[in-house]
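K.L.:
Take a look at the following structure, please.
The values are calculated or read from the model by the stated rules, or taken from the named source; none is laboratory data. Keep in mind that what you see is a predicted model, and the values were worked out from it rather than measured. Cβ placement follows ideal geometry from the backbone for every residue including glycine, while neighbour counts extend to all protein chains displayed. Accessible surface areas use protein heavy atoms only, side chains included; no ligands, DNA or RNA. Shrake-Rupley method; radii C 1.70, N 1.55, O 1.52, S 1.80 Å.
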Amino acid sequence: MKLASLKHGRDGRLIVVSDDLSHYVEAGAIVPTMQAALDDWAAAEPKLKALADELASGSVAGQPLDSARLAAPLPRAYQWADGSAYVNHVELVRRARGAELPESFWHDPLVYQGGSDRFLGPCDAIPLADEGWGCDMEAEVVVVTGDVPQGVSPEAARGLIRLVGLVNDVSLRNLIPGELAKGFGFYQSKPASALSPVFVTTDALGDRWTDGKLHGTLQVDLNGQPFGRADAGVDMTFDFGTLIAHLAKTRSLGAGTIVGSGTVSNRDADGGPGRPVADGGLGYSCIAEVRMVETIRDGAPATPFLNYGDRVRIWMEDGAGQPLFGAIDQGVKAI
């Protein structure tokens, strides 16, 4: 089942979307918003699935879907916690600045709590006040949870994942060092992120969803050119069950909590840093990573961060070559 939200007020209007993303039907007769569905998932899910079946069979008439009319599936959420499940990415960051990776990073996940009061829609512009801030995209996988009790095990946590999608976790790289130097984490350097057009239930993903990981190529284009083709199921040190259990060690999580994987990152076939797609590699899911590789290889980065007018596209295809979650398609806009 695929769910999305039309732009409407602060929380959107929940819709059920056809598998091929061509049509939708409004779900307001069942539940008005995505958050309301998550709050009462046991009652809402079977009714929403029945509506999805009716849309698939043609027994209810669907309306053509236009991604430009979509808000984020969850336009605002009670919590947005982003992890760093691909330790290869973290290792590159540290190598580029000459720092060793602590051994604990391989068994103790990194997470931070981001701003969840507003998510951008999949086709909304990335607003940027200053190009000097070093605007970057970060292509990631996200999951949305039901209510999660404190102390949950990773195995039980996997069963509490309701939906899966993608995110462009926008970062302002040149603001990050100053903020981290204060010892109190991100804030100004982490503006609003954009979510994929639809979120998908885990059962609808088939064998792409295994052991708390989403498998498949996460595709990233920058200005119409292939930039990243990493496999989200490879080199993921911590699966989503482990990330959720880590978050719930000392507190419960409310239904509608969004958990991010961190930047999807693959090693090269020889075990070294990834190579650009143009050179036969799998590329990168963020600009910072290619800049790290350039620094390690050449002593200095060469690839610029995003500038006004640049366009980012992030998607994952199904077996028929169609976008599984729709596509995040954003231009950078001066404000």
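K.L.:
Go ahead and run the numbers for FRET between Glu179 and Asp298, Cβ-Cβ distance against an R0 of 35 Å, rounding to 0.05.
P.N.:
Numbers: r = 27 Å, r/R0 = 0.78.
Computed FRET efficiency for Glu179 and Asp298: 0.80.
K.L.:
Something else: How far apart, in nm, are two points set 7 Å out from the Cα along the Cα-to-Cβ line at Glu317 and at Ala334?
P.N.:
Label at Glu317, label at Ala334, 3.7 nm between them.
K.L.:
For the range 1-77, compute Rh as the Kirkwood radius over C-alpha pairs and then the Stokes-Einstein diffusion coefficient at 10 °C and 1.306 mPa s; write the answer in µm²/s, rounded to an integer.
P.N.:
My calculation gives 130 µm²/s for D.
K.L.:
Another question, if that's okay. Report ³J(HN,Hα) in whole Hz for each residue of the range 215-230, in order, from the Karplus equation J = 6.51 cos²θ - 1.76 cosθ + 1.60 where θ = phi - 60°; Gly and Pro get x.
P.N.:
Result, ordered by residue: 9, x, 7, 8, 9, 10, 10, 10, 6, x, 10, x, 10, x, 9, 6 Hz.
K.L.:
Enumerate by residue number the chymotrypsin sites (Phe, Trp or Tyr not before Pro) in the range 153-244 meeting two conditions: DSSP loop (anything except H, G, I, E, B), and at most 10 other Cβ atoms within 10 Å of the site's Cβ.
P.N.:
Phe184
K.L.:
At a 1.4 Å probe, what is the % contribution of carbon and sulfur to the accessible area of the chain?
P.N.:
C and S fraction of accessible area: 50 percent.
K.L.:
Using Cα atoms only, what is the angle between the long axis of helix 87-96 and the major principal axis of the chain, expressed in degrees (0 to 90) to the nearest 10?
P.N.:
Roughly 30 degrees between the two axes.
K.L.:
Where the centroid of each part is defined by its Cα atoms, how far is the range 102-158 from the range 280-317 in Å?
P.N.:
19 Å
K.L.:
Ok, one more. For Asp40, Asp239, give the ranking by accessible area with the largest first, probe 1.4 Å.
P.N.:
Asp40, Asp239
K.L.:
Then there's this: Taking all protein chains together and a probe of 1.4 Å, list Thr201, Thr250, Thr242 from the most accessible to the least accessible.
P.N.:
Details: Thr201 0, Thr250 105, Thr242 40 Å².
Heavy-atom accessible area, descending, gives Thr250, Thr242, Thr201.
K.L.:
Within the chain, what's the longest stretch lacking trypsin sites (Lys or Arg not before Pro) that sit in DSSP loops with no more than 11 other Cβ atoms inside 10 Å?
P.N.:
Longest stretch, sites excluded: 11-96.
K.L.:
Hey, another quick one. What spacing in nm lies between the two simple spin-label points modelled at Val60 and Gln225, each 7 Å away from Cα in the Cβ direction?
P.N.:
That separation, rounded to one decimal, is 4.5 nm.
K.L.:
Can I ask one more? For Arg10 and Asp40, compute 0.36 nm times the residue count separating them, minus their Cα-Cα distance, and round to one decimal in nm. Don't skip to the answer; put the middle values down first.
P.N.:
Working: separation 30, 0.36 × 30 = 10.80 nm, distance 1.97 nm.
Contour length minus Cα-Cα distance gives 8.8 nm.
K.L.:
In nm, to one decimal, how far is the modelled label at Asp270 from the one at Ala125, with both set 7 Å along Cα→Cβ?
P.N.:
With each label point 7 Å from Cα toward Cβ, the separation is 4.4 nm.
K.L.:
Tell me, what is the FRET efficiency for Glu100 and Asp203 to the nearest 0.05, using R0 = 56 angstrom and their Cβ-Cβ distance as r?
P.N.:
Calculated value: 0.85.
K.L.:
Using a 1.4 angstrom probe, figure out how much accessible area the range 114-171 has per residue, in square angstrom, rounded to the nearest whole.
P.N.:
Dividing the accessible area of the range 114-171 by its residue count gives 30 Å².
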